[in-house]
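To start, the structure under review is shown below, and the notes come after it.
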Amino acid sequence: MKNLLISTALSVVLGASAASAADVDTIAILTPEQGSDYGWNQQGVDAAKAAAAAEGVEIIVAEGLGYGDVRAPMRELAAEGADLMIAHASGYNTAGPEIAQETGIPVSIVDSPDALKEGLVADYTLSGHEGAYLAGRLAAKMTTTGTVGIVVSGEPPSWNSQSAGFAEGVKAENSEVKILYSVIGPAAYSDAAGGNRVTTSVIAAGADIIFGQGNGSSFGMIQAVESNKATDGSDVLFIDVIGDKSALDKGHLLTSVVWDMTPVYTAMIKDLKADKFGTHGYSISLADDSVKLLKTPQIDEEAWTEVMALRDQIISGDIKVEPVFDAAAVRALVTVAE
């Protein structure tokens, strides 16, 4: 199979049945893009490897599969001996349950919290809304134009919850700050050219800080941030999500809402071993650092100290940040850019 990277020699298992506590020895993760994007795909692959190591199981990495039909590679992974398949893309949430039913191999999917099926299908619709709220507070503290932008590659639940959290954070910090919102396309996750074009237009409309949610399209957003000045002549800053692009930064990365999915995948493996898989969903949070803000040289110490104090208030419950998964609810919080 093209792009299938096998981390260890595995025996082929045909006609496999659902895994039980006695025979969970191999997991697989499927990603639409390569696991080297400093974002969704890389964080997923790295976390799956870490979880597998922690739980003493082998891992198969199938990367660069695209956003289309993954039924064939999922069937092959079942034959390769996978006892759990992590379908790491919202575009896989239809094929995943079908293949789980067909092969008897448990599958975890995203953006489908109502698709749980005990022993077969689990969901991990993760939400970094708490971290995004902190990023919004930070952006409102640091904007010089009084306008910030949100650019997204689509409107899946995970992006929506972060967009809403960011907008709520901006408004809580300074209700006078304008929030521009623009969508590259309905599923433009890898559209770097679109990311550049849309981000450039949002900057031209006044935004000097961009909260970008994209996968591959985020690289186009960063190009726009690096290539354009804000309307007041200042440098434009970028807030990334999920991964850490510090190694690529040319002085424009303000922060990132970093996700660590290792606890999520570890919990999945433990649940599978304990025959509890598919009985509940999984989440990430500030409390265990599975969501956190990246500190960069662009953040002054006073602002960072204030934001970390806000983090403590969220963890203690003094500040409530609820996830908002609906796109229409997000749009009600922002100014939709034309």
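For this structure, a couple of remarks:
- Going through (1) buried (at least 24 other Cβ atoms within 10 Å of the Cβ); (2) without any contact (Cβ under 8 Å) to a residue 12 or more places away in the chain one by one, Ile239 falls short only on (2).
- Those residues of the stretch 52-105 which are among the acidic types (Asp, Glu) and closer than 23 Å to Pro263 by Cβ, in sequence order: Glu55, Glu58, Glu63, Asp83
- Condition check for Lys292: under 21 Å from Val110 (Cβ atoms), in a strand (DSSP E or B) and among the basic types (Lys, Arg): yes
- Single unsatisfied condition, Thr266 versus (1) under 25 Å from Thr31 (Cβ atoms); (2) modelled with pLDDT of 95 or more; (3) surrounded by fewer than 24 Cβ atoms within 10 Å (Cβ to Cβ); (4) in the same structural domain as Asn160 (by TED's automatic domain parsing): (4)
- For Val198, the conditions (1) surrounded by 22 or more Cβ atoms within 10 Å (Cβ to Cβ); (2) under 23 Å from Val258 (Cβ atoms) all hold with the exception of (2).
- Residue in the stretch 228-240 that is outside the structural domain of Trp40 (by TED's automatic domain parsing), of a type in the set (Gly, Ala, Ser) and within 23 Å of Val330 (Cβ to Cβ) present: no
To keep it simple, each residue is scored yes or no on (1) without any contact (Cβ under 8 Å) to a residue 40 or more places away in the chain; (2) surrounded by fewer than 21 Cβ atoms within 10 Å (Cβ to Cβ).
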position	(1), (2)
His129	no, no
Tyr133	no, no
Met142	no, yes
Asn160	no, no
Ala164	no, no
Ala187	no, yes
Ala193	yes, yes
Val202	no, no
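- Subset of the stretch 166-184 that is of a type in the set (Asp, Glu) and more than 20 Å from the chain's Cα centre (by Cα) - its residue that is surrounded by the most Cβ atoms within 10 Å (Cβ to Cβ): Glu173
- Residue check for Phe238: farther than 30 Å from Pro106 by Cα and of a type outside the set (Gly, Ala, Ser): yes
- Filtered by the rule that a residue be out of contact with any Leu (no Cβ under 9 Å at 6 or more places or on another chain) and modelled with pLDDT of 95 or more, the stretch 327-338 gives Ala327, Ala328, Ala329, Val330, Arg331, Ala332, Leu333.
- Qualifying residue in the stretch 274-283 (condition: closer than 17 Å to Trp40 by Cβ and out of contact with any Lys or Arg (no Cβ under 6 Å at 6 or more places or on another chain)): yes
- Qualifying residue in the stretch 225-235 (condition: among the small types (Gly, Ala, Ser), at pLDDT 95 or above and over 27 Å from Thr145 (Cα atoms)): no
- Residue check for Gly146: within 18 Å of the chain's Cα centre (by Cα), surrounded by fewer than 21 Cβ atoms within 10 Å (Cβ to Cβ) and more than 30 Å from Thr266 (Cβ to Cβ): no
The values are calculated or read from the model by the stated rules, or taken from the named source; none is laboratory data. Owing to the predicted nature of the structure, the values given are computational and were not obtained by experimental measurement. Cβ sites come from the backbone with ideal geometry, for glycine too, and all protein chains shown count toward neighbours.
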